[in-house]
Amino acid sequence: MQQTGGEQLGVGVTPASSAYTERRGFREAWRQIKRDRFLYALAALPLLYFVIFQYLPMVGVIIAFQDYDPFLGIDAMFSMDRWVGLKHFRNFFDSIFFWNVMRNTVVISLYKLIFGFPLPIILALMINELRMRLFQRTVQTISYLPHFFSMVVAAGIVRAMLTPQGGLLNQLVVALGGEPKAFLTDPTLFRSILVTMDIWQQAGWNSIIYLAAMATINPEMYEAAAMDGANRFQRMWYVTLPSISFAIVITLIFRIGGMLNAGFEQILLLYSPSVYAVSDIIDTYVYRAGLIGRQYSFGAAVGLFKSILALILMYMANKVAQRLGQEGLW
Amino acid sequence: MSTPKLNRRQMLQGMGLAAAGAALAACAPPAAPQEAGDGAAAMETPEVWFAVSTPCPGGGSPERTEAVRQHLLDLTGILVNAYILPPGAARTEKLNLLLASGTQPLDIFEGTWPDFKGITLPLDELLEQEGQNILAGHSELDWKMMKDFEGTTWGYPRLGLMGHTHFPFFRSDWLAEAGLDMPDTWEGMEEAFVAMQSNHPEAVITTMGRSHLMYNTLGAFTEYGFSRWIDPADNMLKPAELQPGYETWLAKMNEWWEAGWMQQESFANPDYRSMLKTLTIGLWLGWYSRITGWWDQIRRDAGYVEEDYALALVINGPSGRAKTNNAGSNTAYMIPRKSKTPDAVIRYVNWIYEGGPDDVTNYLIASWGIPGEDWEWIDKEQKMARQFTAGSPVCEQKYSRDFQITLGLGPETWATAVKLELEDGSIGWNRHWQHINTYWNQYEGGRMPVDFDVPYDRTAIRDRFPGEPDFERFVDEESIKFITGVRPLSEWSSFVEELNGAGLQRWSELYTEQFRLYHPV
Amino acid sequence: MQFSRDERLFNFFNIAILIVLTLLFLLPFLSVVSTSLISGKEYATRGLFILYPRQPVLNSYQMLLGQGSIVINAYFVTAARVIVGTGLNLLFTFPLAYVLSKRKLYGRVPLTMFIFFTMLFHGGLIPNFVLVEKLNLLDSFWSMILPPLINPWWLLIMRNFMLAIPEELEEAAIMDGASPLVVLVRVILPLSMPVIATIGLWYAVMHWNAWFDAAIYINDTRKLPLQLILRGILEYGAGQYSDYSGLAEMTELADPPPAESLKAAMIVITTLPILMIYPFIQRYFVKGIMLGSIKG
């Protein structure tokens, strides 16, 4: 009996079940809380962290609706003197580049998602299929090496590879009888360069989570599949992938929530006026707008705008995941 | 000031936080904020805090720094301290937080003064009382750049009008090979490049983005060069890009581009150090220090003898001098209102300025350390010096200029006259210093921007015209399209139309308004 | 075990592709290592992409790691930060993830929402600084440890892993009379090792790479972490052209360090140790943990 009640509370996102909970009243709730007091005690300190270090500073979002200047101190945040309402949001929406930066942000993110999301899964599957331990470890360690280059360094490496002044790729082009080319100034190539660089830097690192998920698969399942005559591909498809789907889904939901972060530092370090039209994203726009003065309020407004969009995106992604019978975020 | 109610809320919030924090960070050692003016002894010895940027992110040798602090205390009676600002964009954040903080003392910092006007002290009286050397150390123009239109001074100068930042640098050995003298006309410049290229097909012209190119060349085709200008048609200030002749300049630059003269990444901020190494740059139209500093280092490392660059003092184009002087900037050192020891700060800086251009000893102490320990004069009259620890490339072995706080014009520029003992014992004059020392106040070779003496308050402008960054991006992006041929020049008039759509009128109004405060009709 | 022809073909292609990929991943790093080993003189005459040094020298490493070096000091700060930080991170993340993985828990959804919300909404720089200031943590080691104590994203990932643990295991232990704490430590903890290792690695790397909080909260140069020193070396003289500084620029160049190889050496110094962690983590990624637990 306990089990059934708990089941309904746990899954309880649907209005029906929360209404049901309501009917059962506070006494039942209290009974359950008392039963799980150990769990609540465990959660208390970590939750206190969220209150202090996450929620307390959140009062700061009000500066998005003010002309806030940090020099006036924290008190100024709570006064109405500098209230400007939606001015900063309007300034952002009114920009002649608003649609351009929105489109670039979404398109670049989407490319990174489409090409960058499946690759770590494939890489993890390939590594998982290796039988030689030492080789497996070596491949894995090396694959996530580029993750440790700071963006400044990684961008430097990319520039050195692509420069027409004797860069590695151009040496190859010349050797094959072509003309050296300034790849980074070509609007038709720029986004592809961003995506490729992103994959190079992150694929190995992002595969770690899937490898961890694969580690929890019961080997008996493989044995059973092999017994049924499944080949390696079939075992990957019918055993490995479904077993790590919970990791895939939650990662995907997070990626979708982060859609509006298209790679600020990377783009800032690589772009130039010739490719502004295809590469200027929300964050680089805000950066330029804020170059002069202390535009904390403008930055906060754009940040809030991005957060709200992310909330909507994640909510929808979560809904879809739950429809598909997956474990979502809540 | 805030209302009492808010204060109470603040207090409650602070107490709550402190209590919760104590629970969480039970084992955290309490960080004792060092407060200035604590106790009677501190009252006698004023303590000042600087915010500084140095190339040593972790500071220098702690022992040397302490020794220099004591030495400066003995000499000036002031105890100096420095916050080392972090590199990159975090620098601004840290500075802003230091300025905003209630617990962190800060007495001097650097920035464009109009941006900080509300929180800094007016310096007129202080300079009059404690800063006579500083006042004498800068030109009238430099000081004008530090004043608002009502005449109040808000800082002492870091940067101002500069004559040395842009010159065309030619490969001198390639010029000699072609039997050519240093050109002084636009045609001569083009001929020289054609001659270089015929001997060395790999030769290219390189710049560092459109603005550097404009500093070096725009004056050849326009009346005002790289400068905002007053349009006689409506008496309004307009962007440099709208003056008659800009279109001609674009056409000329497009011609260079189409002919394959220009390095393909000239507008894409590539790695210039690597590019210099390839020895393909025949004509450099960027910022000077890449040649006087970076190239000079590559040249010495690689042991090049013939290969070198030389600058053209003046290039005359169809409309006159091609170069525009680097217009005045209002970058200044300022004192925050919250400073408890503003007079001590000015007294300290005044001590650094003591001696003027003729005797930079005090500056060198603040910059290099203790004479006899970190460096010493070989011949003070001839300004020849030798460094012991001061010249070390390793931060941890030296005093890393924490207490210098006089970068730019004034003492730092005067000190470029100093010659240093080299490794082999001879005395050399560093190429970079020599360049600055020779040209920093040579303005004749270039045009003077129309508004060079106007310290624009760009924060105020952006406040009233939030689309200003858009406007600037648009002008830059489209201009480069015209140069690289992505957009044909036949579309010039539609470009001007688009500029109107991007807020040209508003831009003009706001800049004219500020310009007129300093230049009434 | 005998491999079939298909199996062998699969293995061949799998290994071949991975070797090519590995080389691609490795190439840029090799270039950085090589650059760190060349002298200023050699650098001046070499191409842009240096695959191997002609005359390897250790000057840059000696310079960076020499006597009284801030780099060594920063190493200790960073190591302390990684060890203490990651330990506390896991100590706070693991129990909460466990609690949130209990489907029966009353109020689980609102609690999850409460945490989820912090993923997307942040107060920003100034309130965080004021908080740290009011907690009296400025210039303290703990200003780098406490604010990033729990990463909500990783917390939820850990929770989802725990959701995949069959409940029967726990129930069996309770039947045997184990207390909740014993269940947590003896049953859940071993089963969660792959995800704890992963999230622990992420936290460790986060601490290893972090520099912005130190840049904002720390003034004492002896408390600065490695990455901040690295950034300083990388950014100084690297970039923007507004650098009017006469002497400042030139004192360095008077006796020039091979700037590029110094930068490269600093990258190697800051990258290698954290790379070494992985092989130790990997033993938790062994298949069949679950199986062993059920059998035992």
Estimated inter-spin distance, residue C:4 and residue B:63, nm [label 7 Å along Cα→Cβ]: 7.4 nm
Net charge of Cβ neighbours under 11 Å - reference residue C:219; Lys, Arg +1; Asp, Glu -1: +1
Selection of GluC sites (Glu not before Pro), region B:264-347, meeting DSSP coil and at most 13 other Cβ within 10 Å: B:306
Charge dipole (debye, nearest 20) of region B:458-518; +1 at Cβ of Lys and Arg, -1 at Cβ of Asp and Glu: 160 debye
Contact order relative to length of region A:177-326, as percent, for alpha carbon pairs under 8 angstrom and 6 or more apart: 30 percent
Prolate/oblate/rounded label for chain A (Cα gyration tensor, a/c 1.5): oblate
For chain B, calculated [θ]222 nm from helices alone, where every DSSP H run of n ≥ 4 adds -39500 (n - 2.57): -11500 deg cm²/dmol
Summed residue charge, Cβ within 14 Å of residue A:137's Cβ, Lys/Arg positive, Asp/Glu negative: +3
Pairwise label distance in nanometres, residue C:65 with residue B:45, each label 7 Å out on the Cα-Cβ vector: 3.9 nm
Distance in nm between pseudo-label sites at residue B:337 and residue B:172 (7 Å out along the Cβ direction from Cα): 5.4 nm
Debye, to nearest 20: dipole size of region C:1-57, +1 on Lys, Arg Cβ, -1 on Asp, Glu Cβ: 220 debye
Alpha-carbon centroids, region A:139-193 and region B:371-444: separation in whole Å: 40 Å
Dipole axis of region B:375-447 (+1 Lys, Arg; -1 Asp, Glu on Cβ), positive-most option in B:388, B:442, B:415: B:442
Choice from C:138, C:37, C:275 showing the highest fluctuation, given a GNM over chain C with Cα pairs closer than 10 Å: C:275
DSSP-defined beta bridges in the protein assembly as shown - what % are antiparallel, rounded to 5: 60 percent
Computed [θ] at 222 nm, helices only, for chain A once each DSSP H run of length n ≥ 4 contributes -39500 (n - 2.57): -20500 deg cm²/dmol
The protein assembly as shown: C-alpha gyration tensor shape, a/c 1.5 cut-off, then a/b vs b/c: prolate
Dipole of chain C, positive direction: furthest Cα of C:16, C:35, C:229, with charges on the beta-carbon: C:16
Extension gain from residue C:275 to residue C:23, taking 0.36 nm per residue of separation minus the Cα-Cα distance: 89.1 nm
Calculated from backbone phi, Karplus (6.51, -1.76, 1.60) coupling profile of region B:213-229 in Hz, x at Gly/Pro: 4, 5, 4, 7, 10, 4, x, 5, 10, 10, 7, 10, x, 7, 7, 5, 8
Residue pairs, from the table A:306/B:117; B:338/C:134; A:34/C:102; A:87/B:147, whose Cα atoms sit over 22 Å apart: A:306/B:117; A:87/B:147
Amide proton proximity set for residue A:66, modelled H, under 5 Å, gap of 5+: A:84
Selection from A:72, A:26, A:108, by position along the positive dipole direction of region A:26-117 (Cβ): A:26
Rounded, prolate or oblate (a/c below 1.5 giving rounded, otherwise prolate when a/b exceeds b/c) for region A:72-137 by Cα gyration tensor: oblate
FRET efficiency, 1/(1 + (r/R0)^6) with R0 35 Å, evaluated for residue A:115 and residue B:251 via beta carbons: 0.25
Magnitude of the charge dipole, chain B, Cβ model with Lys/Arg +1 and Asp/Glu -1, debye to 20: 1460 debye
Highest-first arrangement of C:78-84, C:19-25, B:111-117, where packing means the average Cβ count within 10 Å: B:111-117, C:78-84, C:19-25
Residue-by-residue Karplus 3J(HN,Hα) for region B:267-283, coefficients 6.51, -1.76, 1.60, Hz, glycine and proline x: 10, 10, 6, x, 7, 5, 4, 5, 5, 4, 5, 6, 6, 9, 7, x, 9
Net charge of Cβ neighbours under 10 Å - reference residue B:458; Lys, Arg +1; Asp, Glu -1: -3
Under the Karplus curve 6.51 cos²θ - 1.76 cosθ + 1.60, θ = phi - 60°, whole-Hz ³J(HN,Hα) for region B:466-474, x wherever Gly or Pro sits: x, x, 4, x, 4, 4, 5, 4, 4
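Here, each number is a calculation from the coordinates, and none is a lab measurement. Remember, it's a predicted structure, so these values are computed and weren't measured experimentally. Neighbour counts run over all protein chains shown; Cβ positions are idealised from the backbone, glycine included.
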